[in-house]
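Presented below is the structure to which this report refers.
Laboratory data are not the source of any read-out in this text; all were calculated from the coordinates shown. From a predicted model like this one, the values you see are computed outputs, not experimental measurements. Note: ideal-geometry Cβ built from the backbone for every residue, glycine included; neighbour counts use all protein chains shown.
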């Protein structure tokens with residue numbers, strides 16, 4: 001009996017060992033399943049992290065490219081700023097020169113305006129003098145025309161007088177000839193009477 005009990009105990013122990021092995025196997029299977037599930041989850045997380053890393057690398061690359069562009073743009077803006085600063089200095093010098101030239105031009109303009117005003121006054125005086133001279137010339141012309149008309153009248157009268165004088169002279173000569181003839185005739189008559 002003792003052997004039967006021992007065998008039964010062995011059988012129970014074996015059965016407990018098998019049960020324990022089964023429990024351990026099931027536990028190991030559960031652990032493997034859990035590990036497999038966990039590994040699958042970790043693989044998913046790794047894949048997502050890989051995608052995130054790739055996206056971050058792409059973003060990093062884009063940021064680097066953008067950073068380089070920004071650096072180049074900053075350099076360009078700095079160069080532009082330097083050029084503009086130089087141009088501003090040049091413009092200030094040019095503006096100063098232009099202001100000085102403008103002041104000189106304004107001074108010349110003021111002198112020219114004064115001189116123009118003086119010329120205008122002189123021109124107006126000259127125009128007044130010329131107008132007065134023109135009026136005098138007009139009066140002289142009118143007087144001259146009057147004198148010419150008087151002279152024409154005088155010449156016409158003289159011509160008429162000369163014509164009349166010639167007529168008178170011709171008549172006088174004719175009368176004188178007649179008087180001579182009469183005198184001769186009278187002288188001849190007196191000579192006959194003697």
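See the values below:
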| item | result |
| --- | --- |
| Highest-fluctuation residue, 18, 155, 70 considered, GNM on the chain with Cα pairs under 10 Å | 18 |
| Using a Förster distance of 45 Å, the FRET efficiency for residue 69-residue 101 (Cβ separation, nearest 0.05) | 0.50 |
| Residue of 54, 184, 115 that the Gaussian network model of the chain assigns the largest fluctuation, springs spanning Cα pairs under 10 Å | 184 |
| Principal semi-axes in Å for the stretch 49-107 [√(5λ), Cα gyration tensor, largest first] | 53, 7, 4 |
| Separation in nanometres of the label points that stand 7 Å from Cα toward Cβ, at residue 40 and residue 167 | 16.5 nm |
| 0 to 90° range, to nearest 10: angle between helix 2-193 axis and the chain longest Cα axis | 0 degrees |
| Max mean-square fluctuation residue, GNM over the chain, Cα-Cα springs under 10 Å, options 127, 40, 105 | 40 |
| Inter-centroid distance (Cα atoms) of the stretch 53-70 relative to the stretch 154-194, Å | 148 Å |
| Value in Å of the Kirkwood radius, where the chain supplies the Cα pairs that are averaged | 35.1 Å |
| Volume of the Cα convex hull of the stretch 124-194, divided per residue and given in Å³ | 64 Å³ |
| Whole-number D in µm² s⁻¹ for the stretch 71-183, Kirkwood Cα-pair radius fed into Stokes-Einstein, 4 °C, 1.567 mPa s | 54 µm²/s |
| For a label point 7 Å along the Cα-to-beta-carbon line of residue 122, residues of the stretch 92-115 with backbone N under 16 Å | 111-115 |
| FRET efficiency, residue 174 to residue 147 (Cβ-Cβ, R0 30 Å, nearest 0.05) | 0.20 |
